[in-house]
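Just so you know, all these numbers are worked out from the coordinates, no wet-lab data involved. Treat the numbers as computed from the prediction; the structure is a model and nothing was measured. Neighbour counts are summed over all protein chains in view; Cβ atoms, including those assigned to glycine, are modelled from backbone coordinates with ideal geometry.
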Amino acid sequence: MKRKLITSCLAVAVILSCLSGCTPSISPNLRDLNDTSNPIDSLSIKRGINLSLLERENLSIFGSFITKEKTYLDIKEQGFDHIRLPVNFHLYYKNGKLNGSFMKKLDSIINTALNCGLTVVLDFHGWYDINSDVNSNKREFYEIWTLVSEHYKDYSYNLLFEILNEPYEEEGPDPLNAYKLNEIQLEAIKIIRETNPKRIIVAASPEWNTWWGLKDLILPEDDPNIIVDIHTYQPMEFTHQGALWYSPDATVQVRLDDSVFTEINKVIKTCKEYMGKTGRLLWLGEFGMELTLADEGDVSKYLGYVASESEKIGMPWAYWEYNRSFGAYDPSEKEWRPYVLDALMGE
Ligand code: GLC
């Protein structure tokens, strides 16, 4: 009864306030249903950062920072305008449904980031099974995208969908080569477009989101609201020095030399040509380096160079990542690492 009374009072209040001249407000997180423009025309991203925690399986390791408004306000204040949220959706999918409590948590993270004025790229990350066996996994892949698309269809266009992180061809029954990637990516685009006709979709470049995979990428020509994610970590010996999963025995520092710059110049040249030829925006959705062993001065020079060269050709970037081993933010000191952040921001 009490709840009924409160509901009626609220309804009266809303009617009265509208009669007094207000236009019904649109939540910042919902898209304007009357907006007929193409979201790509108002996409405004330049500098972003990956919040990589969600790529993990266990919900309890999230850590409270990921849900806190102050995390996103701080990210924004440092000069980032977007975040990338890598999510292992397949871990939260069972019997045709996405885990409800996980989705609530994800909603709240996305809402908080959007409310803080950040654009959010929701990235389907870390599904390794599909790399060796497309045929056995594609149905699940399509089902997940059907559910995610339906779930977020009314969200603001500041939420972007990224189809699949770092697809690559792995030996197995049905490897995800460029041909297969085109097939499942085009199908996923069709699925997303049923409920989200205009939301910006981020497609993957074949072979680990690489610049050399771009030549094999096929996208629908009549859909302007698609951008492409590429990553660069080459040379791995430099960017992944000290990463135990990459080279468990490495204890010797690898210094920055000309070969690193040559590599970046190649990436930038190819990206510039691709954007010129296709008119499609490329986004450098991941680059960065493991910090444990590297020389701080080298880190600054490397990151500063990648970020500034990307900006010169109009390619937005997102640093990998926020607060783990590549972290721009140091969670134990509770402060940003100046030799990373300043380099990224060109200071
Ligand atoms: C990829 C991987 C991620 C890794 C990063 C840097 O995005 O999915 O787990 O930390 O690259 O190597």
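Quick rundown of the values:
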quantity: Residues in the range 225-254 that a label on LEU293 would reach, taking backbone N under 15 Å of a point 7 Å out along Cα→Cβ; calculated: 235-254
quantity: On Cα atoms only, tilt of 296-312 relative to the major axis of the chain in degrees; calculated: 60
quantity: Candidates PRO167, PRO197, PRO220, ranked by Gaussian network fluctuation over the chain, Cα under 10 Å, top entry; calculated: PRO220
quantity: Of the trypsin sites (Lys or Arg not before Pro) in the range 256-347, those whose Cβ has at most 12 other Cβ within 10 Å and which sit in DSSP loop; calculated: LYS334
quantity: The chain, helix-only ellipticity at 222 nm - DSSP H runs n ≥ 4, -39,500 (n - 2.57), divided by all residues, nearest 500; calculated: -12500 deg cm²/dmol
quantity: Acute angle (nearest 10 degrees) that the helix 134-151 long axis makes with the longest principal axis of the chain, alpha-carbon atoms; calculated: 40
quantity: Length added when fully stretched, LYS277-ASP81, from 0.36 nm per residue minus Cα-Cα; calculated: 67.9 nm
quantity: Calculated FRET value between SER259 and ASP342, using beta carbons and R₀ = 25 Å, to 0.05; calculated: 0.50
quantity: Separation between Cα centres of the range 285-347 and the range 84-128, rounded to whole Å; calculated: 24
quantity: Within-14-Å neighbourhood charge of TRP212 [Cβ basis; K, R +1; D, E -1]; calculated: -3
quantity: Filtered chymotrypsin sites (Phe, Trp or Tyr not before Pro), the range 209-261: DSSP coil and at most 13 other beta carbons within 10 Å; calculated: TRP245
quantity: Sites ASP35 and GLU69, calculated FRET efficiency, Cβ-Cβ separation with R0 22 Å, nearest 0.05; calculated: 0.25
quantity: Acute angle (nearest 10 degrees) that the helix 258-278 long axis makes with the longest principal axis of the chain, alpha-carbon atoms; calculated: 50
quantity: Within the range 302-343, GluC sites (Glu not before Pro) in DSSP loop having at most 10 other beta-carbon neighbours inside 10 Å; calculated: GLU333
quantity: Approximate spin-label separation THR195-PHE102, in nm, with each point projected 7 Å along Cα-to-Cβ; calculated: 1.6
quantity: Qualifying lysines (Cα of each under 19 Å from Cα of LYS70; at least 8 residues distant if same chain); calculated: LYS105, LYS334
quantity: Proximal aspartates and glutamates relative to LYS269, as straight alpha-carbon distance under 20 Å, when same-chain residues fewer than 8 apart are discounted; calculated: GLU207, ASP216, ASP229, ASP257, ASP258, GLU286, GLU309, GLU311
